[in-house]
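This report concerns only the one structure given below.
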Amino acid sequence: MASLRDGEVMIGPVLPEDLGALFVWINDAGTAALDLPYRPTDCIAYKDWLDRVSKDSSQILFAIRRIDAPHCIGFLLFKNFHSVYRTAELGVRIGVEADRGKHCGMAALRLAMTYAWDTLNLHRISLSALAANGRANACYRGAGFHEEGLLRHGAFVAGQWQD
């Protein structure tokens, strides 16, 4: 799979040198609390997950990189493809706080959406975000997503019910 690029970022395959950073980001309790309940992932479960993603055509994992820097700054994951309805879910994470708020996530989302429409022939992409995660929600709106509903108390994160 070749990398997809715009003027700012590119998305492409996860490389061996990215695996350590991905493992750390998945296990970052503070970042996880922005979008899901934290659950630590050990190295064996992580390896199993990577093996499943690489063999499962219903999931596509992309690394996010800046054009001017080769290291991975985040990832995108398409999952739960439904071939009849031509839909999928999308998840995104920029790994460290210093890389957030610089529009790289929005640019990566736009690239992913173009790939979904033009290559995967999808009709609909969905994602979920906690209502309190204002920065992520602004990013999603900026990338063209629209809020369709609110699941009141839909997640129990960091000891509190969240919408």
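None of the figures in this text is laboratory data; all of them are computed from the coordinates on show. Model, not experiment: these values are computed from the prediction. Using ideal geometry, Cβ is built from the backbone for each residue, glycine included, and neighbour counts are taken over all protein chains shown.
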_Selected from Pro37, Ile26, Leu122, residue furthest toward positive end of dipole (the chain; charges at beta carbon)_ = Leu122
*In debye, nearest 20: dipole of the chain around its Cα centre with unit charges on the Cβ of K, R (+) and D, E (-)?*
240
*asked:* Whole-Hz ³J(HN,Hα) for each residue in segment 150-159, computed from phi via Karplus 6.51 cos²θ - 1.76 cosθ + 1.60 with θ = phi - 60°, x for glycine and proline: what do you get?
replied: 10, 8, 5, 6, x, 8, 9, 10, 6, x
*asked:* At most 16 other C-beta atoms within 10 Å and a DSSP loop state: those are the exposed GluC sites (Glu not before Pro) I care about. Give me the longest piece of the chain that has none.
replied: 9-146
*asked:* Given axes a ≥ b ≥ c from the Cα gyration tensor, I'd like to know whether segment 1-83 is rounded (a/c under 1.5), prolate (a/b larger than b/c) or oblate.
replied: oblate
_In segment 97-146, trypsin sites (Lys or Arg not before Pro) in a DSSP loop with at most 15 other beta-carbon atoms within 10 Å_ = Lys102
*Spin-label pair Glu8/Ala158, simplified geometry with 7 Å Cα→Cβ offset, distance in nm*: 2.5
*Compute the signed sum of charges (Lys and Arg +1, Asp and Glu -1) over the other residues within less than 11 Å, Cβ to Cβ, of Gln59.*
+1
*To the nearest µm²/s, what D does Stokes-Einstein give for the chain at 4 °C and 1.567 mPa s, using the Kirkwood radius over alpha carbon pairs as Rh?*
79
*Using a Gaussian network model of the chain with C-alpha springs under 10 Å, which one of Ile73, Ile26, Ile94 is most mobile by mean-square fluctuation?*
Ile26
*Pick from Lys79, Lys47, Lys55: which is most flexible by mean-square fluctuation in a GNM of the chain where alpha carbon atoms under 10 Å apart are linked?*
Lys55
_FRET efficiency for Ala29 and Arg52, using Cβ-Cβ distance with R0 set to 30 Å, rounded to 0.05_ = 0.80
_Over the chain, relative contact order from alpha-carbon pairs under 8 Å, at least 6 apart, %_ = 22
*List every residue whose amide H lies under 5 Å from the amide H of Ala132, counting only residues 5 or more places away in sequence or on a different chain, with H placed 1.01 Å from N in the peptide plane.*
Asp163
*Report the dimensions of segment 89-163 along its three principal axes from the alpha-carbon atoms, largest first, rounded to Å.*
41, 30, 16
*Setting aside same-chain residues fewer than 8 positions from Lys79, which aspartates and glutamates have a Cα under 13 Å from its Cα?*
Asp56, Glu89
*asked:* Whole-Hz ³J(HN,Hα) for each residue in segment 41-51, computed from phi via Karplus 6.51 cos²θ - 1.76 cosθ + 1.60 with θ = phi - 60°, x for glycine and proline: what do you get?
replied: 10, 7, 5, 6, 5, 5, 4, 4, 4, 4, 4
*With labels modelled as points extended 7 Å from the Cα through the Cβ direction, what inter-label distance (nm, one decimal) is found for Cys43 paired with Ser126?*
3.8
